[in-house]
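Novice: Quick one: the structure is below, and I'll ask about it shortly.
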Amino acid sequence: MKKALTFIACFMLSASVFAQIKYEKFESRTLNTTRELKIKLPKNYDPSSGIKHPVIVVFDGDYLFEPVVGQVSYQTYFDGMPESIVVGVVQGYERFYDSYFDEVTGLPIESGARFYQFVGEELIPYIDSKYNTSKFRVAIGHDIMGNFINSFMFSDKPVFQAYINLSPDFKGNMNDNIANRVKWVKDDVFYYLATSDDDIPHIRKTVEATDVMLKSTENKALTYYFDKLEGDSHYTMVTGAISKAMDQIFDIYKPLDEKELTEKVLTYEGTLDHYIEKRYNRIEDLFGIHKPIPEEEFEKVVKIAEEREDLESLEKLGKLANKNMPKSSLGTYYLALHAERIGKTKKATKLYEEALTLEETPKFNKEFIMAQVEKLKFVAEETEEKVED
């Protein structure tokens, strides 16, 4: 019975997600034809808000769009990635003309060059003009379109910052060109490459050879990931690879986990307000979106500060929380806690009382803070009696 209810719930969620998909006809002057687009906006998309969204362009949108949308919806639900706009380009039999390439370089020519121009000069500007988009764009391609998406990397100003290559069928010298190109990129670029142990043999061998070249690249601007999925074919590997790619590309966007807290925050040289502020500034720099530091993140880092017996970090985290959430009592509570720990009882009492006038948090509600005030007043009274005696 429970399994049946779970299945029904998942089915209803899927139905809700895919009911929000928009289908548009796009008239391209470059291609001199009309192309069908599938567009999935974030669940609570508000065109009047200032919130920006990364754009994920899915080539072979006929069959690849739905798996990507499902994974984006899933990871967004658990705050594993920012709410994104997914655009699927339906290609059908046109994919062979869209991906037409030079046999030596592997780069698009003729009809392939026209499709390349369509994406960069028509499709992307159209999406940017119509929706609230951020500067971060992801290209996803499978097989021959996995080869094609790499051509965007050779532009002086690439329209994509992340490339998800799903069992790409590299043509000509494309893989060598990629290996040479990523050595010199100056702006941040994410590059994901995947194959499987049951992939088409010549594709698997070329992908593995490309992996060897890319792993030896020393360039801090490049973030490279490789996966070889087990037990999957050229086609069944797609869903698992999409999941892994999204998980890794947007890794920094996710909330702090135990691994990062233990390996990076605990051992950080400097005050912890710098660590968390740099982390969230990095999110904004990479993805072009502003993600406020949530209360839960402050609580995790304060816990580490206490473990380090780092009172300076405790005070600075309180100030940072006040700067980010001036209406919340959280920052003032941490400042009060700091004053209490260094023996400034009167200052601590005053700050706790100030926290009572602000919005309470789930962990530090008014009743809890009031208890801290009463405790300090009791301690102060006991101290005065001892002095008088």
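Each value in this text was obtained by applying a stated rule to the coordinates, not by laboratory testing. All of these numbers come straight from a predicted model, not from anything done at the bench. Glycine gets a Cβ as well: all are built from the backbone with ideal geometry, and neighbour counts include every protein chain shown.
Novice: Which one of Ile144, Ile164, Ala221 has its Cα pushed farthest toward the positive end of the charge dipole of the chain, where Lys and Arg give +1 and Asp and Glu give -1 at the Cβ?
Specialist: Value computed over the given set: Ile144.
Novice: Per residue of the chain, what 222 nm ellipticity follows from adding -39500 (n - 2.57) for every DSSP H run with n ≥ 4, rounded to the nearest 500?
Specialist: Computed mean residue ellipticity for the chain: -15000 deg cm²/dmol.
Novice: Under a Cβ-only charge scheme (Lys and Arg +1, Asp and Glu -1), can you give me the dipole magnitude of the chain about the Cα centre, in debye to the nearest 20?
Specialist: 820 debye
Novice: What is the dipole size for the range 261-318, taken about its Cα centre, with +1 at each Lys and Arg Cβ and -1 at each Asp and Glu Cβ, in debye to the nearest 20?
Specialist: Roughly 280 debye, rounded to the nearest 20.
Novice: With only Lys, Arg, Asp and Glu charged, each at its Cβ (+1 for the first two, -1 for the last two), find how big the charge dipole of the range 49-155 is about the Cα centre; round to the nearest 20 debye.
Specialist: 420 debye
Novice: Just report the Cα centroid separation between the range 264-279 and the range 206-237, whole Å.
Specialist: 31 Å
Novice: Here's something else I'd like to know. Which of the peptides 142-148, 180-186, 34-40, 63-69 is most tightly packed, and how do the rest follow, going by the mean number of other Cβ atoms within 10 Å of each residue?
Specialist: Packing proxy ranking, top to bottom: 142-148, 63-69, 34-40, 180-186.
Novice: Next question, about the same structure. Please go through the residue pairs Lys291/Lys363; Lys316/Lys344; Lys52/Lys291; Lys22/Lys130 and name each one whose alpha carbons sit more than 19 Å apart in this structure.
Specialist: Beyond 19 Å between Cα atoms: Lys291/Lys363.
Novice: Next up: What full-extension length gain, to one decimal in nm, is calculated for Leu311 and Tyr93 as 0.36 nm per residue of separation minus the Cα-Cα distance?
Specialist: Stretched out fully, the Leu311 to Tyr93 stretch lengthens by 72.0 nm.
Novice: Full extension from Asn32 to Ser111: what is 0.36 nm times the residue separation minus their Cα-Cα distance, to one decimal in nm?
Specialist: 27.3 nm
Novice: Ranked from highest to lowest mean number of other Cβ atoms within 10 Å per residue, what is the order of the peptides 372-378, 296-302?
Specialist: 296-302, 372-378
Novice: Indicate the gyration tensor shape class of the range 190-256 (rounded, prolate or oblate), computed on the Cα atoms with a ≥ b ≥ c the square roots of the eigenvalues: a/c under 1.5 is rounded; otherwise a/b larger than b/c is prolate and the rest oblate.
Specialist: Because a/c hits 1.5 or more and a/b fails to exceed b/c, the range 190-256 counts as oblate.
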